[in-house]
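Notes follow the structure.
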Amino acid sequence: SRDLIADNYIAMDAMATRVFGRAFVWMEDYMGMRGTGLGQPEGFFNSLATLGYTRGTANRIFYADLVNMQMLLHPMCWPSARWICHLSTLIDLQAIQVSAGVYVYQPNALISQAMTPSIREGTTYDAGAKVTRPMGTLLGWPVYITEKVPVLGSTGDLNLVCPDQYGFARRAGLEVGLSEHFYFSTDRIAYRFKMRHDGKSLWRAPYIQ
């Protein structure tokens, strides 16, 4: 309402832009992983280049499963690869040890745990940078825990991906429109938010080594 905007000490237009902006980035990230490609970006779940691996034991993750996933990843992707997994996978990931008794998942207390909506974009250890940060490492690669992938036991609960091989285009960022006339008779102000973007794997098929 116009009264809310006029009486609130918070700049409501800035607050609305910030809240909706984060929602757009969250959905943009979700589509980058799980989008169908029909009227929306094609996520890596639905890419023709995605290779699946059937684990030895259903609903569980063991060391051999991680190594087999490593072996499916093209070597050119190793420098920028990352794990993307659901929170429920930690019950297994934090218990996995190599023969020497070393845990393969290493939560790092020096890494900021602050989360931003996107987990596909930049990785940094700089606490001052406003990009998402990993929640630890697994076999040397950063781990990102998210609710945007299925729970443990479902296809896609643990993913090893290379975001450098995903093509993403965004046109001019978030567009914000405001109208005092659309709801004039009800004494309200209308906001319109719009973002133009698309995404798709740069690989047309899996590379079988």
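Summary of values
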read-out	value
Those residues of region 133-148 which are in contact (Cβ under 8 Å) with a residue 40 or more places away in the chain and either out of contact with any Cys (no Cβ under 9 Å at 6 or more places or on another chain) or farther than 19 Å from residue 96 by Cβ (or both), in sequence order	134, 139, 141, 142, 146, 147, 148
Pick from region 76-89, criterion open to solvent by less than 20 Å² (accessible area, probe 1.4 Å) and assigned to a helix (DSSP H, G or I), ranking: modelled with the lowest pLDDT	77
Only listed residue being at negative phi, part of a strand (DSSP E or B), open to solvent by less than 20 Å² (accessible area, probe 1.4 Å) and free of Cβ contacts under 8 Å to residues at least 24 places away in the same chain, chosen from 199, 177	177
Leading residue by the ranking (farthest from residue 76 (Cα to Cα)) among those in region 154-174 that are part of a loop (DSSP other than H, G, I, E, B) and open to solvent by less than 40 Å² (accessible area, probe 1.4 Å)	157
Among the residues listed as 51, 73, the single one being hydrophobic (A, V, I, L, M, F, W, C) and crowded, with 16+ Cβ neighbours inside 10 Å	73
From 16, 49, 58, residue being touching a residue at least 60 places away in the same chain (Cβ under 8 Å), in contact with a strand residue (DSSP E or B) (Cβ under 9 Å, 6 or more places away or on another chain), of a type in the set (A, V, I, L, M) and in a loop (DSSP other than H, G, I, E, B)	49
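The values are calculated or read from the model by the stated rules, or taken from the named source; none is laboratory data. Computed from a prediction, not measured in an experiment: that's the story for all the values here. Backbone-built Cβ (ideal geometry, glycine too); neighbour counts: all protein chains shown. SASA here: full protein model, heavy atoms, side chains in, ligands and nucleic acids out. Shrake-Rupley method; radii C 1.70, N 1.55, O 1.52, S 1.80 Å.
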